[in-house]
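All remarks here apply to the structure that follows.
The values are calculated or read from the model by the stated rules, or taken from the named source; none is laboratory data. Remember, it's a predicted structure, so these values are computed and weren't measured experimentally. Cβ coordinates were reconstructed from backbone atoms using ideal geometry, including for glycine residues, and neighbour counts include every protein chain displayed. Ligands, DNA and RNA are excluded from the accessible area calculation, which covers all protein heavy atoms including side chains. Shrake-Rupley method; radii C 1.70, N 1.55, O 1.52, S 1.80 Å.
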Amino acid sequence: MGEFAIGQGVPRFEDPRLIRGGGRYTDDVKLAGMVHGVCVRSPHAHAKVKSIDIEAAKQAPGVLAVITAADAKAHKFGDLPVPGGLKLRDGSPAPKPRYPFLVEDRVRWLGDIVAFVVAETVAQALDAAELVAVDYELLPAVTATADAMKPDAPKVWPELADNVGFVEPIGDKAKTDEAFRQAHHVAKQRFVINRVTAVTMEPRGAVGDYNATDNHYTVYTAIQRPHPSRADLAPILGVPESKLRIVTGDTGGSFGMKSPINPETPLVLLASKIVGRPVKWISTRTEAFMTDPQARDNVTEAELALDKSGVFLGLRVKLTAAIGAYLQPAMPAFFLNCGTLAGCYRTPAIFVDVTAVYSNTNPVRPYRGNGRPEAAYVIERMVDIAADEMGIDPVELRRRNYIKPEQMPFKTGLTFTYDTGEFENNMDLALKLADAKGFKARKAESRKRNKLRGFGLSNTIERAAADLTEGAEIRFDRSGSVTLVSGADSQGQGHETVFKQLVCDKLGIAPDQVQYIQGDTDQIFYGVGTGGSRVSALGSSAFLRASEKVIAKARTIAAHAMKVDEADLKFEDGVFSSNRTNQTLTVQEIARIAADPAKLPKGMEPGLTQTAVFSAPTANYPNGCHICEVEIDRDTGKADIVRYSVVDDVGTVLNPMLLHGQIHGGIAQGAGQILMENIAFDSEGQIVTGSFMDYAMPHAHDFPPLKVEAHPVPTPTNPLGVKGAGEAGTVGAMPAITNALVDALSEFGVKHIDMPATAEKLWRLMQEK
């Protein structure tokens, strides 16, 4: 069906429902007898809990229960999962401090939950929460990642030797050290990559419903990976997975923040068990700023070794990353993405020394890219810094070091083996798209308006779809209509559109005949979920495989019904036909036949429903070149992005409209961190950017029209040739924008600008220089 063919810009099928208010988010869940919960959280970043007095709160109007850690123990609920398999510097196993969802003796960050008040209404729960009296003994706190390693830093976990959570050396240290001994020039730079928060449109929330008759739990919550989360949550509750159902409806953004289990998830289930009614908790925006898991936050020292002609010999990186107060699943995955530090270059020797540290701050989770944007930022900044120091044009320096297409697959100097890519071609196409030759004239024109214009380029690569499997089901009913069932949850990416587009194209079915189901572990046979730019490659390939199974079985049924050999059948636009008969059958007609055992070949099972689990042999590597131009006002320091061009290689483009949306959104998040977004704490651990008055977010008017073009080089790692696209925009944007800012201020002798590059910071740099 041509209008839905792969590569067509089909508008999102989800959008009419969502923009008309038909979305079903966590707060839209309303169950019979449902009551409401409010968290009593620590107002201190670090303190001993001397006592908790809940008696007054229990007597407040409408209160059904005030739950503390003692209740969790009494009902034998366990702690939140903490990842293992990590090491310390000496190679010994890293300790695994527990992560309780209700704390008992010590709070370690502003937001630790000490009690949970359940009442008939939210207002009653809020009033009663004010009556919970907690006696704290204040302790010194450490909030800055750079300070957590200091010998006199307060310990987040007193039983540990220090604040080091784990250490991960990556690469060949001896080979890299030798490369530096041979170097003609070594470029060095310290990078402070600041802390940000996801600020999802839909705050976190959960509705817990316990059925005492069956000892069965159901939780309604927005989470990226329902099936893996069920496996994590069931042991906390002390039940097998079959006794737990996770339902995720529509999700208003996540970006990684809604990936592992939140403390409030087992909390609402415990509360439901105690009060015997469904319990809802929904975060307020203020609560979200204070208590959402946060992201990024590392300090990186990098060195790039070059020979006389500017060829890269080695890269050495020392990275100190924030864990926050508690180590969560998926947090350590950022170091698996350090391979992005190799960039698009042939650098033969790379060594990375990663140290992750605890601090009295919000736990850190993945956030759009999860280590990839940070790594891309470091290598692309280092290339520009080295180019400046050696007097080589940044474009030319990159050109001298690119991996060539004929070298693919290419084993980098770090951990990744790239599948495909034409990096130099991407750059040349992007330079043309950006009209790089006209930059000099535009710079002169900006100067007439008292503006400093800068040109920044990044050519980045990342790993996508590292979790290599995903499931899909194509379910036919007796009338021939179709339900698509996916284990990959959408948080706004457009999964429903792409999957319908693919299946309708393959089977010749109209989209209005297709229903889509996601996010319910009781309805979906297998799923890994969404994250790491995996769904377009893995989920789509699973639906392709399921479609192929449908066609294969339908062919057998069609041959039987039409009394011809299978080899004589042609399948086109959803119709089976043969030169040996004037009969034709559509897939939907065959589905109706398949429901009747008497009409099927002997021994064939009725039904046309098919499932598939696709497993990729390895990850894929999307890549692309971003070019940004900025203007900085000399008088105020305000920076504006005035031109932005992207050439991306995401392999086969399934839907260009959705691809552009993903790239646009990624660029906006990258720009937000570089120019304005910043989470800050004071010395006592209090958050000082706890609302939109203090935490700046990019708006549509902060961006010019974004030019995006695709240069697809299909990957052999999946049958569609698709590479991930969800994080590519952020990965390329952060270094491109920073490179443009530094270029604009180069006449002042500015060599580097740490994020966020606020107007005040840029103004001060100009005054100081």
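Can you confirm whether K50 is charged (D, E, K, R), surrounded by fewer than 16 Cβ atoms within 10 Å (Cβ to Cβ), more than 30 Å from the chain's Cα centre (by Cα) and assigned to a strand (DSSP E or B)? Please lay out each step first, then the result.
Working: charged (D, E, K, R): yes; surrounded by fewer than 16 Cβ atoms within 10 Å (Cβ to Cβ): yes; more than 30 Å from the chain's Cα centre (by Cα): yes; assigned to a strand (DSSP E or B): yes.
So K50 passes the test.
Name the residue that is most open to solvent (accessible area, probe 1.4 Å), counting only residues in the stretch 417-435 that are of a type in the set (D, E, K, R) and more than 30 Å from K175 (Cα to Cα).
K432
Go through L397, L414 for me and flag whichever is assigned to a loop (DSSP other than H, G, I, E, B) and buried (at least 18 other Cβ atoms within 10 Å of the Cβ).
Working: L397 fails: assigned to a loop (DSSP other than H, G, I, E, B).
Residue meeting the stated conditions: L414.
Kindly indicate which of V82, V103, V118, V134 is part of a strand (DSSP E or B) and under 29 Å from S229 (Cα atoms).
V118 is the lone residue from the list that is part of a strand (DSSP E or B) and under 29 Å from S229 (Cα atoms).
For the stretch 249-291, enumerate the residues that are outside any helix (DSSP H, G or I), under 20 Å from L102 (Cα atoms) and touching a helix residue (DSSP H, G or I) at 6+ places or on another chain (Cβ under 8 Å).
P260, I261, P278, V279, K280, W281, I282, S283, listed by residue number.
Whether any residue in the stretch 473-485 is within 27 Å of M734 (Cβ to Cβ), open to solvent by less than 40 Å² (accessible area, probe 1.4 Å) and either of a type outside the set (A, V, I, L, M, F, W, C) or not in a strand (DSSP E or B) (or both) is what I want to check.
Going residue by residue through the stretch 473-485, those that are within 27 Å of M734 (Cβ to Cβ) are none.
Within the stretch 473-485, none of the residues are within 27 Å of M734 (Cβ to Cβ), open to solvent by less than 40 Å² (accessible area, probe 1.4 Å) and either of a type outside the set (A, V, I, L, M, F, W, C) or not in a strand (DSSP E or B) (or both).
Just one of G454, G438, G529 is under 30 Å from D393 (Cβ atoms), small (G, A, S) and open to solvent by less than 10 Å² (accessible area, probe 1.4 Å); which is it?
None of the other options fit; the residue is G454.
What pairs come up if the first residue lies in the stretch 121-149 and is under 20 Å from D682 (Cβ atoms), the second is part of a helix (DSSP H, G or I) and among the aliphatic types (A, V, I, L, M), and their beta carbons are under 8 Å apart, counting only those six or more places apart or on different chains?
Once the first residue is under 20 Å from D682 (Cβ atoms) and sits in the stretch 121-149, its partners that are part of a helix (DSSP H, G or I) and among the aliphatic types (A, V, I, L, M) give V142/A148.
Within the stretch 183-215, how many residues are in contact with a strand residue (DSSP E or B) (Cβ under 9 Å, 6 or more places away or on another chain), open to solvent by 20 Å² or more (accessible area, probe 1.4 Å), part of a loop (DSSP other than H, G, I, E, B) and hydrophobic (A, V, I, L, M, F, W, C)?
Residues in the stretch 183-215 being in contact with a strand residue (DSSP E or B) (Cβ under 9 Å, 6 or more places away or on another chain), open to solvent by 20 Å² or more (accessible area, probe 1.4 Å), part of a loop (DSSP other than H, G, I, E, B) and hydrophobic (A, V, I, L, M, F, W, C): 1 in total.
Could you list, in sequence order, all residues of the stretch 402-411 that are surrounded by 19 or more Cβ atoms within 10 Å (Cβ to Cβ) and touching a helix residue (DSSP H, G or I) at 6+ places or on another chain (Cβ under 9 Å)?
Matches in the stretch 402-411: Y402, I403.
Any idea which residue in the stretch 463-472 is farthest from K258 (Cα to Cα), counting only those that are more than 13 Å from the chain's Cα centre (by Cα) and either open to solvent by less than 20 Å² (accessible area, probe 1.4 Å) or at pLDDT 95 or above (or both)?
Ranking the qualifying residues of the stretch 463-472, first place goes to A472.
Of H664, H699, which residue is touching a Phe, Trp or Tyr at 6+ places or on another chain (Cβ under 9 Å), open to solvent by 30 Å² or more (accessible area, probe 1.4 Å), at pLDDT 95 or above and not small (G, A, S)?
Exactly one residue qualifies, and that residue is H664.
How about the stretch 565-587: which of its residues are surrounded by fewer than 14 Cβ atoms within 10 Å (Cβ to Cβ), under 45 Å from the mean Cα position of the chain (by Cα) and assigned to a strand (DSSP E or B)?
Passing the criteria: K570, E572.
For E684, which of the numbered conditions (1) modelled with pLDDT of 95 or more; (2) surrounded by fewer than 24 Cβ atoms within 10 Å (Cβ to Cβ) fails to hold?
(1)
Which one of these is touching a strand residue (DSSP E or B) at 6+ places or on another chain (Cβ under 6 Å), touching a residue at least 40 places away in the same chain (Cβ under 8 Å) and of a type outside the set (A, V, I, L, M, F, W, C): T420, T469?
Within the list T420, T469, the selection yields T469.
Suppose we keep only residues that are under 28 Å from the mean Cα position of the chain (by Cα) and open to solvent by 20 Å² or more (accessible area, probe 1.4 Å) within the stretch 27-37. Which one would you say is nearest to A57 (Cα to Cα)?
Per the stated criteria, the residue is D27.
Under the condition of being more than 16 Å from P409 (Cβ to Cβ) and small (G, A, S), which residue from the stretch 333-347 is most open to solvent (accessible area, probe 1.4 Å)? Please lay out each step first, then the result.
Of the stretch 333-347, the ones more than 16 Å from P409 (Cβ to Cβ) are 333-338, 340-341, 343, 347.
Narrowing the set further to residues that are small (G, A, S) leaves 333, 343.
Numbers: A333: 33, G343: 2 Å².
Step by step, filter the stretch 333-347, then rank; the result is A333.
Taking the stretch 123-152 only, how many residues are under 30 Å from M34 (Cβ atoms) and open to solvent by 70 Å² or more (accessible area, probe 1.4 Å)?
Here the count works out to 4.
So that you can scan it fast, the table gives a plain yes or no per residue for (1) more than 30 Å from V134 (Cβ to Cβ); (2) small (G, A, S); (3) modelled with pLDDT of 95 or more:
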site	(1), (2), (3)
F13	yes, no, no
T26	no, no, yes
K30	yes, no, yes
I54	no, no, yes
T68	no, no, yes
R98	no, no, yes
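Taking the stretch 509-548, which residues are more than 18 Å from the chain's Cα centre (by Cα), of a type in the set (V, I, T) and assigned to a loop (DSSP other than H, G, I, E, B)?
Selection gives I509, T521, I524.
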